[in-house]
Structures are given as structure tokens and as C-alpha cells.
Amino acid sequence: MQNSNFSSMEKVNFRTRILTNHLNQETPSPHFSLQTTPCLSYNPPELSEPSSIFDKKQMRQLMDGHNLTEKDWLFGLMLQSNLFNPMKSGGKVFVQPDYNQSKEQQREITMRRIGYLLEHGVFKKWLTGNGPVDELRKLALLECLAIFDHSLAIKTGVHFFLWGGAIQFFGTKRHHDKWLKATEEYVVKGCFAMTELGHGSNVRGIETVTTYDSSTGEFVITTPCESAQKYWIGGAANHATHTVVFSQLIIEGKNQGVHAFICQIRDENGDICPNIRIADCGHKIGLNGVDNGRIWFDNVRVPRENLLNSVADVSPDGKYLTAIKDPDQRFAAFLAPLTSGRVTIAVSAIYSAKVGLATAIRYSLTRRAFSVTPNGPEILLLDYPSHQRRLLPLLAKTYAMSFAVNYLKKIYVNRTPEMNKVIHVVSSAFKAIASWHNMRTLQECREACGGQGLKTENRVGPLKGEFDVQSTFEGDNNVLMQQVSKALFGEYVAAKRSKKPIKGLGLEHMNASRPIVPSQLTSHTMRQAQFQNDIFCLRERDLLERFAAEVALCQAQGKSKEYAFTLNYQLAEDLGRAYSDRAVLHTFLEAEASVTSASLKNVLDLVRSMYTLVTLEEDAAFLRYGYLSTDNAAMVRKEVANLCGELRPHALSLVSSFGLPDAFLGPIAFNWVEANAWSSEQN
């Protein structure tokens, strides 16, 4: 108490002296200069932080996984053009979108940037390439675009991955020959008309109707009601010339389910085609560089050849032809290739989180606040245990999910028809947890930057609005988690019925004996990969067994399986999360196993332990279902705090390993004093 009183009196005396000097001073000359000696100054963290104990280039290679040279080339390409809005601040040049522009201006500059990238060969082989090498390059370059501007990545992604991907995967040679090269060169500009006002996640329920006129050899596409209008169609409002329309196909009075058709919506002059109506979706909380629109089809006629016919076809005389007779299997085969959207969302979400963390952690290594001793120096934000607890667990999760999305990309580019189910489940799970993680991370980083986090130029705040949409597009996250649980249920029930071991979706661990968690946890135990794997597998196994039992009980009471799923949504969501976390951990362990450097392994061991233990702490399922006792939960919480302290010296090296060029962060990540100086304002 004495120290506290002494400190308070000191503050009073100090303020009194300042006020006295202020009142007694003479009027200053116009040429006065500010005295900078007692002021705060910026010290680059590279000069004050411990040297990295691991090779940051090796860590980046492990994190990014592929095409680093091409990515750095594209970063450099964007830095060379004024189209990417370079601005000087704090002695450095930064590039970022100008969010002060109107939506019309943002849309126009997005298209001009696409034109610049096209001219410089960025999109070469994005649709005409062949094999995993070209696909990985495409994914890597799209990641760079998303780091600069989510609108640019989405506008590009709709054109190449959705419109172009639909032609690639749903179409056949006649479509490939006519459309792929023209799409790659932007001779046509495509969009993807699946979502409707009345139906989003439930694609099977869409209401657009297509019939066939055998007398002319044409399909007739109709919007029968207002809820059937195509909605949120990226590219439709201003720029797209063609779209892939998803519609119920009615042949000889029978609904054959959802099919896809190529339809022109604008002519070569940019005028809307006859019998097409288009309206703007309006201003949004983010992604205003994407021209989302609504489309109505008033008996629009398209040639028979415009049906994308890899799964089914219609003969000239109007007969429905398909090798897949079961409607459910046909629908599954039809939608299987659409996983690319979830893949790219998961990846870009993690890079967005990296931008937020690199900004907030660099700032916290140079910004000071308060002292903990009388007359002592102010303390760096990241030296406060509470600040470490806010940011370092999110850093560990971002590392873990980086390995997860690398695995997702790998299985996607090497896909076979037999892998469709695995890719669907993994992409659904990782898309959901990655986009949720990104939004939570950006919010924490925004708050951790204080008032500076509100400034648009510092990027963290705007990224929240730009990436919020990821939680619901390409599948609502909660719906995706329930789909994951249904798939796990199907594998489990099939194995039980056949009395064969479970094989696939990473569930092989359920063929072994049930893991046993020690009754009393120690620090040593909690940091062992075996314990971490065991408790994650135990949670997934137990929740799957519980879920299957509850569904079976409902069915025994006469309820349908779908209704049983609906009633047990809480278990389904817990199970989906358990699967996702365990799958992420397994990708982390696989990444670690590929490392030979001891120093790299040591840091990764800390990061993995932090990822696992903070997941144990945050997910109430571990306590709810008894996988952790209250005493063990308290031990986990204590160990997370210990790990924060141990990761603190590595914080700068870990975010530097992200490989993000300085120009793609915000001024707050560097010399924030100079960036806000009066001289900067004058310049």
C-alpha cells in the first residue's frame, strides 16, 4: 500500500509541475521545435527480440507447402502496379484496397486488376493445364490474391473455379473445347447461378425449372416464382456474359432432379440478353468489389448442347439418358466436384488469420503500456501474460490449421472418383472450422490492437467484414458440420452391419481398443503426442457411438432417420467438431514427422501442445461427457498459461515464418510512431 500511495503522490506532483510550467511559459516563437527526448520511440522488434532458434525459411516451406517462388513472383507483380493502391506510411510502402471507394468504383478496379493479372500471365493454365502441378500453382496464386483483397480472389474464383470448374467437371469434350480456353483468356466472363432467394444450402430444393422442346432441340429455362430468382450470383450484376444455371430438369412430365445448363446473359456489347432480367444485390458489409446480382429467366431458350452432360443427357428426341439410375447417387455425383469452393475458402481463411496475427503480434512487440514497478519502464504488451493468452493460442491454432489445409489441397488435386466422399467430408469440416477460427482471430486481433485496430489502413478491422461471408457461403458452417456427422454415422453403421473394421475418414482408430486417459494429468503427460492423440480420438469415438445410439433409439420409436438427425443436432455438432479437431491434429503430426531439424521440431512440439491443450480447455465437451475431470481441466488451463510463456520468445519468428511481405500488412505492424507523425500528415 505504501508503494501505491507513493506512486500516486508522484503522479500528482508530476502533473502539478507540468501544469505550472505550461502556465508560466512565454508565448513560443513560430519556429519552436518539439522536444522528443521523453517521448516514446519505435524500436523494431527484430532488434530487441531473441534471435530465431529455427530456420524461418524452412518453417515457411513447411507451412506454405508449395509454389513459394511463384507466390513471391505474384506478390512482386502486385507491388509494381499503381492498380494495387500503393501508399507510403512510416517509411514503408503498403498495398491494400481503398475501402473508401463506392461499390461501383471497387467493382471497376477489381476488373482492371484482373486485366493486369491476365496480361502478365497469372492465369496461364488455370483451366487448360493438366494435373496436380498446375492445380497447385493455381491454388497458390489464388492465395496471394486473397491476401491482397478478398473481392479480387472471389471475383477470380467464381470465374475460374465455379463457372470454369462446372464446365470442366460437369461438361464433356464439346464443352471443354468451346469454353475452357475462352474462359481462361476472359473472352467470356462466367458466373455460377445456383443459389436462389428461397434456397441456399438445400440445393435439391431449388425452384428454377427447365423443360425440353424436341421440336426445336432447345431447353427452356424459367423462373416460376420470386423465391426462384437466382440470388447472390457473383459477377452477374455488371460483368458476366454467361452463367451456369442450376435447375430442376423436367422431361416428359417427370422431374429428373437438378442439372446444369450454360446460358448467355449479356451480349458482346455488355447488354442484357432478351428474356433475362438482372438486378443488383446492393451494398454489403464486405466484398463490395464483387458485383453480386439476381437473375430471372423468362422462358429463356438454350441449345440442347448447353446441358452439361457428364452425368446425364437428353437425346434430340427428348429421352433422358443416364448411367446412374439412383437419383441420390446421381445428385451426389453431380455435386462432388463442387468441393473446390470449400477448399479455397478454408485456405484463404487461414491466410486472413495470418495477416491479423502478424499485425497484432508485431504491434504488441513494440507498443508499451503501464509499468509494474514504481518509476519503472512501461511493459511491452506481449510481455503481459494476459496478452499472451489472447494471441498465442490463436497463433498455435493457425499453425495447426495451416497443416490441415495443406493436406486438404493435396488430396483435392490428387482426387479420384473413389476419394469424393473423403474430400467432401474433409473439405466441409475444414471449411467450417477454418472460417470460424478466422473470424474469432480477427476479432481478438482487432481488440488487441486497441484503437489502432479500428483504422482501415491497419487491415484487421476491414478483414472482418470482408471474410464474414465465409461462414455461410459454399455451405452454412453449422449445416456442413451436420453433414460431417451424418457421413461418420454412415461409415460407423455400415461397418457394424458388415462386421468389418471401419476403413476411411480417419476412423481406423476405432478398430483399436478404447483409449484410456490418466486419472491425474501432469505437465509431462499433457505434452506427449500420444496423450493428445488419445484424448482427441476418445472424444470422437465416444460421440460417434452416442450419436449412433440416439439415432437408433429415435428410429426404434418410429421416427425417420432424418428426423432423428434433426433431434440430435447438439450431438451432431459436437461430433463434427471432434472429427475436425482430430483430423487437424493428425495433419500436424504428419507435418512434424517430415521435419529433420531438431530446433524446428522443438518449436513445433510447443505449438502442437498449445493447439491441443487450448482445444481441451475451450471445448466444453471434454467436461460435459467426462473425458476430463474438473481437476484435470484445471491442470490443462494451468499448462496453457505455461505454454504461453514458453512460446513468447518465439512469437516474432513464428509470425515472420508466415512469409507475408511487409507491404501486405498495415503500418501498425511496423513504425506506427512515424506513420502517425505530423510530418507524415503533411506529406
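Checking the condition among the acidic types (Asp, Glu), surrounded by fewer than 21 Cβ atoms within 10 Å (Cβ to Cβ) and within 19 Å of Phe148 (Cβ to Cβ), which residue from Glu457, Glu466 passes?
Going through Glu457, Glu466 in turn, just one is among the acidic types (Asp, Glu), surrounded by fewer than 21 Cβ atoms within 10 Å (Cβ to Cβ) and within 19 Å of Phe148 (Cβ to Cβ): Glu457.
Pull out all pairs, ordered by first then second residue, where Cβ-Cβ is under 7 Å, the residues are six or more apart or on different chains, the first lies in the range 230-249 and is surrounded by fewer than 24 Cβ atoms within 10 Å (Cβ to Cβ), and the second is assigned to a strand (DSSP E or B) and among the acidic types (Asp, Glu).
Correct list of pairs: Tyr231/Glu196; Ala237/Asp280.
Kindly indicate the residue of the range 78-95 that is in a loop (DSSP other than H, G, I, E, B) and surrounded by 14 or more Cβ atoms within 10 Å (Cβ to Cβ) and also farthest from the chain's Cα centre (by Cα) among those meeting that condition.
Gly90
Please go through the range 508-529 and give me each residue that is closer than 26 Å to Met610 by Cβ and not in a loop (DSSP other than H, G, I, E, B), ordered by number.
His509, Ser523, His524, Thr525, Met526, Ala529
In the range 438-497, how many are outside any helix (DSSP H, G or I) and either within 13 Å of the chain's Cα centre (by Cα) or not hydrophobic (A, V, I, L, M, F, W, C) (or both)?
Within the range 438-497, residues that are outside any helix (DSSP H, G or I) and either within 13 Å of the chain's Cα centre (by Cα) or not hydrophobic (A, V, I, L, M, F, W, C) (or both) number 7.
What about Glu590, is it modelled with pLDDT of 95 or more and under 17 Å from Ile535 (Cα atoms)?
no
Please enumerate the residues belonging to the range 133-147 that are of a type in the set (D, E, K, R) and touching a Lys or Arg at 6+ places or on another chain (Cβ under 6 Å).
Asp134, the sole residue that qualifies.
Show the residue pairs meeting these rules: Cβ distance below 9 Å; 6+ apart or different chains; first residue within the range 364-376 and free of Cβ contacts under 8 Å to residues at least 60 places away in the same chain; second residue polar (S, T, N, Q) and open to solvent by 70 Å² or more (accessible area, probe 1.4 Å).
Short answer, once both residue conditions are applied: Thr373/Asn3.
Could you check the range 383-419 and list, in sequence order, the residues that are in a helix (DSSP H, G or I), of a type in the set (S, T, N, Q) and in contact (Cβ under 8 Å) with a residue 12 or more places away in the chain?
Gln388, Thr398, Ser402, Asn406
I'd like to know if the range 362-379 contains one or more residues that are assigned to a helix (DSSP H, G or I), within 24 Å of the chain's Cα centre (by Cα) and at pLDDT 95 or above.
Checked against the condition, which is being assigned to a helix (DSSP H, G or I), within 24 Å of the chain's Cα centre (by Cα) and at pLDDT 95 or above, the range 362-379 yields at least one hit.
Across the range 573-603, what is the total count of residues that are surrounded by 21 or more Cβ atoms within 10 Å (Cβ to Cβ) and among the aliphatic types (A, V, I, L, M)?
7
List, please: which pairs have Cβ atoms under 6 Å, are six or more places apart or on different chains, and start with a residue in the range 112-130 that is open to solvent by less than 70 Å² (accessible area, probe 1.4 Å) and end with one that is at pLDDT 95 or above and assigned to a loop (DSSP other than H, G, I, E, B)?
Sorted first by the residue in the range 112-130, then by its partner, the pairs are Tyr116/Ser81; Leu118/Tyr186.
Looking at the range 576-590, can you tell me whether even one residue there is part of a helix (DSSP H, G or I) and basic (Lys, Arg)?
Yes: one or more hits.
I need every pair where a residue in the range 319-332 that is open to solvent by less than 90 Å² (accessible area, probe 1.4 Å) has its Cβ under 9 Å from the Cβ of a residue that is of a type in the set (Lys, Arg), sequence separation at least 6 or different chains.
Short answer, once both residue conditions are applied: Tyr320/Lys254; Thr322/Arg330; Ile324/Arg330; Phe331/Arg204; Ala332/Lys421.
When the residues of the range 36-77 are filtered to those that are open to solvent by 90 Å² or more (accessible area, probe 1.4 Å) and hydroxyl-bearing (Ser, Thr, Tyr), which remaining residue is nearest to Asn406 (Cα to Cα)?
Filtering the range 36-77 for residues that are open to solvent by 90 Å² or more (accessible area, probe 1.4 Å) and hydroxyl-bearing (Ser, Thr, Tyr), the one nearest to Asn406 (Cα to Cα) comes out as Thr69.
The values are calculated or read from the model by the stated rules, or taken from the named source; none is laboratory data. Fair warning: this is a prediction, and the values are worked out from it, not measured in the lab. With ideal geometry, Cβ positions are generated from the backbone for all residues, glycine too; neighbour counts draw on all protein chains shown. Protein only, heavy atoms only, side chains kept; ligands, DNA and RNA dropped before computing areas. Shrake-Rupley method; radii C 1.70, N 1.55, O 1.52, S 1.80 Å.
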